[in-house]
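The values are calculated or read from the model by the stated rules, or taken from the named source; none is laboratory data. Being a predicted model, the structure only gives us computed values, none of them experimental. Please note: Cβ atoms are built from the backbone with ideal geometry, for glycine as well, and neighbour counts cover all protein chains shown.
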């Protein structure tokens with residue numbers, strides 16, 4: 001029986017919640033757990049691409065979105081065997097306008113998945129912090145959406161709109177989308193954050209992942225070195241948290 005890649009998108013309308021950091025560090029944790037991983041940067045800000053030290057890319061995902069030709073898919077090998085990146089660039093912003101007018105404009109990431117299906121165990125898509133056609137592409141291609149939430153009141157205000165967006169895609173464009181789960185990010189010991197964490201878990205129950213990520217200096221330092229936190233400091237608490245998160249993802253998806 002053919003093995004299909006599991007496609008997870010990291011999504012929230014709000015910026016600054018840690019979608020890119022989650023994509024990168026979970027990607028590395030899954031790779032360290034023996035999984036083949038492809039990360040796709042769908043954000044024109046290219047934060048995921050740049051966080052790995054790749055600046056001013058000569059090639060990005062944009063040509064493929066225009067041609068649908070597999071030879072136009074750029075692939076960066078972070079590790080030669082099984083940990084790869086399809087990069088973004090600022091020019092991707094032009095696709096927001098060009099794809100809207102195309103009949104298949106919502107299905108470009110799905111086409112990427114179909115081109116590489118089976119070569120990877122997991123495909124992780126870093127979405128832009130907005131609901132535009134680039135984010136919609138990711139949701140249409142996904143098996144599951146991970147909503148990354150910061151344990152702050154302002155991060156939760158728009159959560160119902162995020163969920164409605166996902167459910168709308170599930171009902172109209174992607175029947176294979178299993179739904180969403182919430183990942184609580186940037187936790188610390190502030191009382192207010194603990195209270196919000198508790199409220200999220202009481203409100204959403206099993207929709208909230210058991211693993212949670214704390215706001216620690218190791219992640220910031222790793223980002224400054226253009227590294228994931230496991231490569232930067234494998235023994236750090238942050239590295240261990242992402243490995244725990246990877247274990248939960250693998251247990252859930254197989």
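Residue 123: modelled with pLDDT of 90 or more and assigned to a strand (DSSP E or B), yes or no? So residue 123 fits the description; yes.
Within the stretch 175-191, the residues that satisfy the criterion of being without any contact (Cβ under 8 Å) to a residue 12 or more places away in the chain and either within 21 Å of the chain's Cα centre (by Cα) or loosely packed, with under 12 Cβ neighbours inside 10 Å (or both) are 175, 189, 191.
Within the stretch 237-246, being farther than 12 Å from residue 22 by Cα and either modelled with pLDDT under 95 or in contact with a strand residue (DSSP E or B) (Cβ under 8 Å, 6 or more places away or on another chain) (or both) holds for 237, 244.
In the stretch 61-74, of all residues being assigned to a loop (DSSP other than H, G, I, E, B) and touching a residue at least 24 places away in the same chain (Cβ under 8 Å), the one that is farthest from residue 102 (Cα to Cα) corresponds to 73.
Checking each residue in the stretch 1-54 for being in a loop (DSSP other than H, G, I, E, B), touching a helix residue (DSSP H, G or I) at 6+ places or on another chain (Cβ under 8 Å) and closer than 16 Å to residue 92 by Cβ picks out 42, 43, 44, 45, 46. Residues considered: 145, 169, 162. Of these, the only one that is within 23 Å of residue 214 (Cβ to Cβ), in contact (Cβ under 8 Å) with a residue 12 or more places away in the chain, in contact with a helix residue (DSSP H, G or I) (Cβ under 9 Å, 6 or more places away or on another chain) and not in a loop (DSSP other than H, G, I, E, B) is 145. Taken over the stretch 141-174, the criterion of being under 18 Å from residue 22 (Cα atoms) and within 14 Å of the chain's Cα centre (by Cα) is satisfied by 142, 143, 144, 145, 146, 147, 148, 149. Screening residue 77 with (1) surrounded by fewer than 18 Cβ atoms within 10 Å (Cβ to Cβ); (2) part of a loop (DSSP other than H, G, I, E, B) gives one miss only, at (2).
Take the stretch 111-132 and flag every residue that is surrounded by 20 or more Cβ atoms within 10 Å (Cβ to Cβ), out of contact with any strand residue (DSSP E or B) (no Cβ under 6 Å at 6 or more places or on another chain) and within 21 Å of residue 70 (Cα to Cα). Within the stretch 111-132, 112, 121 meet the criteria. Filtering the stretch 197-236 to residues that are in contact with a strand residue (DSSP E or B) (Cβ under 9 Å, 6 or more places away or on another chain), surrounded by 13 or more Cβ atoms within 10 Å (Cβ to Cβ) and part of a helix (DSSP H, G or I) leaves 197, 200, 201, 204, 207, 219.
Checking the structure you have, find out if any residue of the stretch 80-90 is touching a residue at least 40 places away in the same chain (Cβ under 8 Å) and within 25 Å of residue 149 (Cβ to Cβ). Yes, the stretch 80-90 contains a residue that is touching a residue at least 40 places away in the same chain (Cβ under 8 Å) and within 25 Å of residue 149 (Cβ to Cβ). Assessment of the stretch 148-163 against the conditions (within 19 Å of residue 249 (Cα to Cα) and crowded, with 23+ Cβ neighbours inside 10 Å) yields at least one matching residue. Pairs linking a residue in the stretch 39-60 that is free of Cβ contacts under 8 Å to residues at least 40 places away in the same chain to a residue that is in a loop (DSSP other than H, G, I, E, B) and buried (at least 22 other Cβ atoms within 10 Å of the Cβ), with Cβ atoms under 7 Å and 6 or more positions apart or on different chains, are 54/87; 57/87; 57/89; 60/87; 60/88; 60/89.
Just so you know, in the stretch 113-128 the residues that are out of contact with any helix residue (DSSP H, G or I) (no Cβ under 7 Å at 6 or more places or on another chain) and touching a residue at least 12 places away in the same chain (Cβ under 8 Å) include one that is nearest to residue 252 (Cα to Cα), and it is 121.
Against the definition (surrounded by 13 or more Cβ atoms within 10 Å (Cβ to Cβ), under 18 Å from the mean Cα position of the chain (by Cα) and more than 30 Å from residue 219 (Cβ to Cβ)), how does residue 108 come out, yes or no? It is true that residue 108 is surrounded by 13 or more Cβ atoms within 10 Å (Cβ to Cβ), under 18 Å from the mean Cα position of the chain (by Cα) and more than 30 Å from residue 219 (Cβ to Cβ).
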